[in-house]
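Student: Just dropping this structure here.
Computed from the coordinates by the stated procedures, all read-outs in this text should not be read as laboratory data. On a predicted model such as this, the values are computed, not experimentally measured, just so you know. Cβ placement follows ideal geometry from the backbone for every residue including glycine, while neighbour counts extend to all protein chains displayed.
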Amino acid sequence: MLKIYGIKNCNSMKKAFDLLNELGLSYEFHDYKKQGIDATTVKHWLDTCGQDLILNKKGTTWRKFSEAEQQHALSSEASLIEALTTHTSLIKRPVLATTQGLIVGFDEAAYRHLV
């Protein structure tokens, strides 16, 4: 079964939910705004995809960070994991866990290949 991580009222998430439903794919939704996200999961994502794919530097949360906060978050993997688990809006959305691996961000073609 697919597991999709994100925040319910995000436009990318809405597109992902709509397409998964259209394709008839069943999934479990993990709302990390309400449920949080654990460091082990975030570390796995970083190890698998790299920080450039996981860390959403275009979002308002990152832009609201001071230069010092940004530098601290990027200073080590532990600091980055702490930032991502504390400020879940820093995680690019959605993260879709499939049997083939992770799809980060809404990628219609990749979702369609799941069928």
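Student: Looking only at residues in the stretch 49-74 that are among the β-branched types (Val, Ile, Thr) and surrounded by 14 or more Cβ atoms within 10 Å (Cβ to Cβ), which one is nearest to His87 (Cα to Cα)?
Tutor: Among residues in the stretch 49-74 that are among the β-branched types (Val, Ile, Thr) and surrounded by 14 or more Cβ atoms within 10 Å (Cβ to Cβ), the one nearest to His87 (Cα to Cα) is Thr61.
Student: Please go through the stretch 27-69 and pick out each residue that is in a loop (DSSP other than H, G, I, E, B), on the phi < 0 side of the Ramachandran plot and of a type outside the set (Ser, Thr, Tyr).
Tutor: Step one: list which residues in the stretch 27-69 are in a loop (DSSP other than H, G, I, E, B), which gives 32-38, 50, 56-59, 65-66.
Okay, now just the ones that are also on the phi < 0 side of the Ramachandran plot, so 32-35, 37-38, 56-59, 65-66.
Within the stretch 27-69, Lys33, Lys34, Gln35, Ile37, Asp38, Asn56, Lys57, Lys58, Gly59, Phe65 meet the criteria.
Student: Right, next: Quick check: anything in the stretch 29-49 in contact with a helix residue (DSSP H, G or I) (Cβ under 7 Å, 6 or more places away or on another chain), more than 26 Å from Met1 (Cα to Cα) and among the small types (Gly, Ala, Ser)?
Tutor: no
Residues checked against (1) within 16 Å of Asp38 (Cα to Cα); (2) touching a Lys or Arg at 6+ places or on another chain (Cβ under 6 Å); (3) exposed (fewer than 14 other Cβ atoms within 10 Å of the Cβ):
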{"position": "Glu77", "(1), (2), (3)": "yes, no, yes"}
{"position": "Ala83", "(1), (2), (3)": "yes, no, no"}
{"position": "Val104", "(1), (2), (3)": "no, yes, no"}
{"position": "His113", "(1), (2), (3)": "no, no, yes"}
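Student: A further question on this structure: Going through the stretch 70-111 one residue at a time, which ones are farther than 19 Å from Asn11 by Cα and part of a loop (DSSP other than H, G, I, E, B)?
Tutor: Answer for the stretch 70-111, where residues must be farther than 19 Å from Asn11 by Cα and part of a loop (DSSP other than H, G, I, E, B): Ser75, Ser76, Thr99, Gln100.
Student: Sticking with this structure for a sec: Out of all the residues in the stretch 4-23, which are in contact (Cβ under 8 Å) with a residue 60 or more places away in the chain and not in a helix (DSSP H, G or I)? If you could, list the steps in order and put the result at the bottom.
Tutor: Step one: filter the stretch 4-23 for residues in contact (Cβ under 8 Å) with a residue 60 or more places away in the chain, giving 4-7, 10, 12-13, 15-16, 19-20, 23.
Matches in the stretch 4-23: Ile4, Tyr5, Gly6, Ile7, Cys10, Leu23.
Student: Moving on. Would you be able to say whether some residue in the stretch 5-26 is in contact with a helix residue (DSSP H, G or I) (Cβ under 6 Å, 6 or more places away or on another chain), surrounded by 17 or more Cβ atoms within 10 Å (Cβ to Cβ), closer than 20 Å to Glu108 by Cβ and of a type outside the set (Asp, Glu)?
Tutor: Scanning the stretch 5-26, I find at least one residue that is in contact with a helix residue (DSSP H, G or I) (Cβ under 6 Å, 6 or more places away or on another chain), surrounded by 17 or more Cβ atoms within 10 Å (Cβ to Cβ), closer than 20 Å to Glu108 by Cβ and of a type outside the set (Asp, Glu), so the answer is yes.
Student: Same structure, new question: Could you tell me whether Leu2 is surrounded by 11 or more Cβ atoms within 10 Å (Cβ to Cβ) and under 12 Å from the mean Cα position of the chain (by Cα)?
Tutor: Criteria not met by Leu2.
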